[in-house]
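Below is one structure, written out as structure tokens; the observations come after it.
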Amino acid sequence: FSFRKLWAFTGPGFLMSIAYLDPGNIESDLQSGAVAGFKLLWVLLLATVIGLLLQRLAARLGVVTGLHLAEVCNRQYHKFPRIILWLMVELAIIGSDMQEVIGSAIAINLLSVGKIPLWGGVLITIADTFVFLFLDKYGLRKLEAFFGLLITIMALTFGYEYITVKPNQQKVLQGLFIPYCKGCGTPQLEQAVGIVGAVIMPHNMYLHSALVKSRQVDRSNKRQVREANKYFFIESCIALFVSFIINIFVVTVFAEAFFNKTNADVNQVCANSSSPHSSLFPNNNETLEVDIYKGGVVLGCYFGPAALYIWAIGILAAGQSSTMTGTYSGQFVMEGFLNLRWSRFARVLLTRSIAVTPTLFVAIFQDVEHLTGMNDFLNVLMSLQLPFALIPVLTFTSLPSVMHDFANGL
């Protein structure tokens with residue numbers, strides 16, 4: 001083992017892990033904590049472990065064949081299934097892009113104390129992608145370092161919330177390692193399914209299999225291929241462990257502070273703290289429902305304005321970091337399935353326009369609750385798209401004709 005070699009292979013796994021930290025994930029985390037307390041942490045743990053295994057297969061496919069998943073699909077499938085797969089993956093990418101736009105717009109609105117309306121935040125997110133394209137010109141390693149910085153910001157901001165709220169550590173451990181949900185019903189089941197859909201992103205398989213090609217590996221040398229597989233797997237383990245810890249921070253903060261709370265409880269606390277957002281919570285005994293926006297507000301009411309602004313910075317980092325991974329995924333998928341080589345600028349312009357248009361209409365003509373309701377729908381969409389990525393990656397990595405001596409036995 002060599003730390004120097006690990007450092008040389010470090011980058012693709014952390015770019016891939018950003019999909020485990022996008023705004024859709026954060027919303028799923030906070031809702032599972034508020035609805036089920038600590039009881040669904042084991043679902044998050046298992047989903048992350050399964051995600052790691054699938055990412056390992058996707059990375060191995062790229063390392064061994066020198067082709068990413070979309071390129072292998074293009075070679076192995078006939079035209080009809082190939083087009084269906086491409087359309088499904090594009091739908092997942094656009095859905096993910098919409099979540100990034102929604103999360104960033106809400107974060108900008110919170111940070112500006114409502115002075116920048118939601119539709120203004122949506123318009124700002126149109127420009128930010130092109131900033132990342134500008135950074136991309138300075139080389140992949142510098143871009144990887146920048147996204148490492150954004151992941152660090154998320155760890156610090158959500159870690160601050162964790163330290164401030166001080167969740168019960170015994171309940172955290174029980175929730176993680178006891179796969180049981182006492183007293184759970186339909187709402188908790190919906191959150192459990194949502195966690196799986198939010199954590200395991202379908203287009204991430206295509207992304208990871210392409211990112212590993214950025215490292216030079218002599219594929220005629222089996223020792224070098226095994227070595228690359230080993231270090232990419234170690235890096236993926238580290239990256240997904242970091243993302244898992246950040247997700248734990250969010251779930252446990254809302255489980256500790258807002259599980260079984262009513263609207264009246266929050267309304268009273270917000271009124272006492274002179275929060276301008278207390279009208280968000282009607283003075284009734286219905287169970288509190290939170291989303292990315294309301295989550296920041298209730299944190300501000302209970303733990304001071306600093307908690308609200310730090311939360312918003314974390315959400316903004318999540319939205320911005322996942323923007324570029326969606327851009328990369330779209331480029332690799334289009335080139336692989338269609339052999340169509342667009343400039344990254346044109347590709348971003350197309351997908352971002354498709355993602356921004358419905359989001360902008362909702363932001364202009366509806367309120368923030370409809371915007372976050374769209375986020376819930378998109379998490380369900382991700383769950384439905386999952387088989388269209390899993391079936392190819394599981395199939396190809398078990399075929400000796402594709403993987404040669406590195407085919408998956410199971």
- Query: If you build a Gaussian network model of the chain, linking Cα atoms that sit under 10 Å apart, which residue out of Leu40, Leu87, Leu15 swings the most?
  - Reply: Leu87
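Assuming a viscosity of 1.567 mPa s and a temperature of 4 °C, what translational diffusion coefficient in µm² per second does Stokes-Einstein assign to segment 1-115, Rh being the Kirkwood radius over Cα pairs?
So the translational diffusion coefficient is about 74 µm²/s.
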- In debye, nearest 20, what is the charge dipole magnitude of the chain about its Cα centre with +1 on Lys and Arg Cβ and -1 on Asp and Glu Cβ, if you could check? 1640
- Query: For the pair Leu349 and Tyr180, how long in nm is the line joining their label points, each one 7 Å along Cα→Cβ?
  - Reply: 5.9
- Task: Starting from the Cα-Cα distance between Thr287 and Ala306, subtract it from 0.36 nm times their residue separation and give me the gain in nm to one decimal.
- Result: 4.3 nm
- Item | Additional length obtainable on full extension of the chain from Val380 to Gln216, 0.36 nm per residue less Cα span | 55.3 nm
- Note on the structure: Isolated cysteines for the chain, Cβ-Cβ cutoff 4.7 Å, are Cys73, Cys237
- How far apart, in nm, are the 7 Å Cα→Cβ label points at Leu390 and Ala407? 2.3
- Task: Tell me which residues come under 5 Å, amide H to amide H, from Ser398 once H is placed; ignore anything under 5 positions away on its chain.
- Result: Asn408
- Item | For q = 0.16, 0.20, 0.24, 0.27 Å⁻¹, Debye-computed log10 I/I(0) when each Cα of segment 172-248 counts as one equal scatterer | -0.81, -1.02, -1.23, -1.34
- Query: So what's the convex hull volume per residue for the Cα atoms of the chain, in Å³?
  - Reply: 142
- Under 5 Å, built H, 5+ apart or other chain: amide partners of Thr262: Leu288
- Item | Cβ charges +1 (Lys, Arg) and -1 (Asp, Glu), total dipole of segment 230-325, debye | 180
- Task: Could you provide, to the nearest whole Å², the per residue accessible area of segment 3-406 with probe 1.4 Å?
- Result: 41
- Query: What is the distance in Å between the Cα centres of segment 197-217 and segment 79-121?
  - Reply: 19
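Can you show me the helix-derived [θ] at 222 nm for the chain, built from DSSP H runs with n ≥ 4 at -39,500 (n - 2.57) apiece and divided by the number of residues, rounded to the nearest 500. Write out the running numbers ahead of the final one.
Details: 19 runs with 318 residues, N = 410.
Result for the chain: -26000 deg cm²/dmol, rounded to the nearest 500.
With a 1.4 Å probe and all protein chains left in place, how much of the accessible area of segment 3-406 comes from carbon and sulfur atoms, in whole percent?
Working: 10920 of 16670 Å².
Roughly 65 percent of what the probe reaches on segment 3-406 is carbon or sulfur.
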- Message: Projecting each Cα onto the charge dipole of the chain (Lys/Arg +1, Asp/Glu -1 at the beta carbon, about the Cα centre), which of Val290, Val122, Asn263 comes out farthest on the positive side?
- Response: Val122
- Message: Given points 7 Å out from each Cα along the Cα-Cβ axis, report the Lys115 to Tyr138 separation in nanometres with one decimal.
- Response: 2.8
- Query: Angle between the Cα long axis of helix 222-258 and the longest principal axis of the chain, 0 to 90 degrees, nearest 10?
  - Reply: 10
- Query: What residue among Leu45, Leu110, Leu189 has the largest mean-square fluctuation in a Gaussian network model of the chain, using Cα springs under 10 Å?
  - Reply: Leu189
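The values are calculated or read from the model by the stated rules, or taken from the named source; none is laboratory data. On a predicted model such as this, the values are computed, not experimentally measured, just so you know. Cβ coordinates were reconstructed from backbone atoms using ideal geometry, including for glycine residues, and neighbour counts include every protein chain displayed. Accessible surface is based on the protein model in full, side chains and every heavy atom, while ligands, DNA and RNA are left aside. Shrake-Rupley method; radii C 1.70, N 1.55, O 1.52, S 1.80 Å.
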